[in-house]
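Notes for the one structure printed next.
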Amino acid sequence: MNRRRPHALLLEHDDALRHLLVDALSDLGFAVSSGKGRRQVLELLLNGADVDVILVDLIESEGGGRALLSFLREQPETAVIPVIVMVDGDPADRPVGAARLSKPFGLDDLRAALREALSRTRTTSPPEQAPPEPR
């Protein structure tokens, strides 16, 4: 049986960190789509990317990861996708229902956040095949 790799969508404005995260997510078994700005990420979603988890840098140069999260929560097809927010600051600073990564973070922190996000109950019908737990 050939299982589909889980797909992560990443919004990170910092080029170096974005490339490191793409590599780390790939090493953890994820297919990864990424963008530097909110518009790039929205384009990927609107073009039908089948996403299992979204990682969002809340400090993003095109108007904010928060704006992206607000938009995603308003759309029925994206509101059920688990979200991990990456923040530089107050530990309480995260949208309700999102897993959180405090910068700087390591691979174990990323793995734990992915596990937390993917374990959250979806509010609509489950996907045909649940994504595998990250390695």
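Selection over region 20-48 of residues that are in contact with a strand residue (DSSP E or B) (Cβ under 7 Å, 6 or more places away or on another chain), under 14 Å from residue 110 (Cβ atoms) and either surrounded by fewer than 18 Cβ atoms within 10 Å (Cβ to Cβ) or charged (D, E, K, R) (or both) gives a count of 2.
Out of the residues in region 105-132 that are at pLDDT below 90 and open to solvent by less than 50 Å² (accessible area, probe 1.4 Å), state the one that is nearest to residue 42 (Cα to Cα). If you could, list the steps in order and put the result at the bottom.
Looking only at region 105-132, we keep the residues that are at pLDDT below 90, and these are 119-132.
Next, from what is left, pick out any that are open to solvent by less than 50 Å² (accessible area, probe 1.4 Å): 131-132.
On the way: 131: 22, 132: 25 Å.
If we take residues in region 105-132 being at pLDDT below 90 and open to solvent by less than 50 Å² (accessible area, probe 1.4 Å), then 131 is nearest to residue 42 (Cα to Cα).
Is it true that some residue in region 40-56 is modelled with pLDDT of 90 or more, under 10 Å from the mean Cα position of the chain (by Cα), more than 16 Å from residue 100 (Cβ to Cβ) and of a type in the set (D, E, K, R)? Give the steps one after another, and end with the answer.
Taking region 40-56 and keeping what is modelled with pLDDT of 90 or more, we get 51-56.
Adding the requirement that they be under 10 Å from the mean Cα position of the chain (by Cα) leaves 51-56.
Retained after the next criterion (residues that are more than 16 Å from residue 100 (Cβ to Cβ)): 51-52.
Filter once more, keeping what is of a type in the set (D, E, K, R): 52.
Yes, region 40-56 contains a residue that is modelled with pLDDT of 90 or more, under 10 Å from the mean Cα position of the chain (by Cα), more than 16 Å from residue 100 (Cβ to Cβ) and of a type in the set (D, E, K, R).
Of all the residues in region 4-27, those that are among the hydrophobic types (A, V, I, L, M, F, W, C) and assigned to a strand (DSSP E or B) number 4.
Among the residues making up region 90-104, those that are surrounded by 10 or more Cβ atoms within 10 Å (Cβ to Cβ), modelled with pLDDT under 70 and not acidic (Asp, Glu) are 94, 95. Here residue 16 fulfils each of the conditions (1) open to solvent by 50 Å² or more (accessible area, probe 1.4 Å); (2) under 13 Å from residue 57 (Cα atoms); (3) not charged (D, E, K, R) apart from (2). The residues of region 49-82 that are open to solvent by 60 Å² or more (accessible area, probe 1.4 Å) and under 14 Å from residue 8 (Cα atoms) amount to a single one, 50.
For region 18-51: of the residues being of a type in the set (A, V, I, L, M, F, W, C) and without any contact (Cβ under 8 Å) to a residue 24 or more places away in the chain, which is nearest to residue 74 (Cα to Cα)?
The initial filter retains those residues of region 18-51 that are of a type in the set (A, V, I, L, M, F, W, C), namely 20-22, 24-25, 28, 30-32, 41-42, 44-46, 49, 51.
From the residues that got through so far, the ones that are without any contact (Cβ under 8 Å) to a residue 24 or more places away in the chain too are 20, 22, 46.
On the way: 20: 30, 22: 27, 46: 14 Å.
The selected residue is 46.
The values are calculated or read from the model by the stated rules, or taken from the named source; none is laboratory data. In this text the structure is predicted, and so the values were computed from the model without any measurement. Here Cβ is always computed from backbone atoms with ideal geometry, including for glycine, and neighbour counts include all displayed protein chains. Surface accessibility is based on the protein's heavy atoms, side chains included, excluding ligands, DNA and RNA. Shrake-Rupley method; radii C 1.70, N 1.55, O 1.52, S 1.80 Å.
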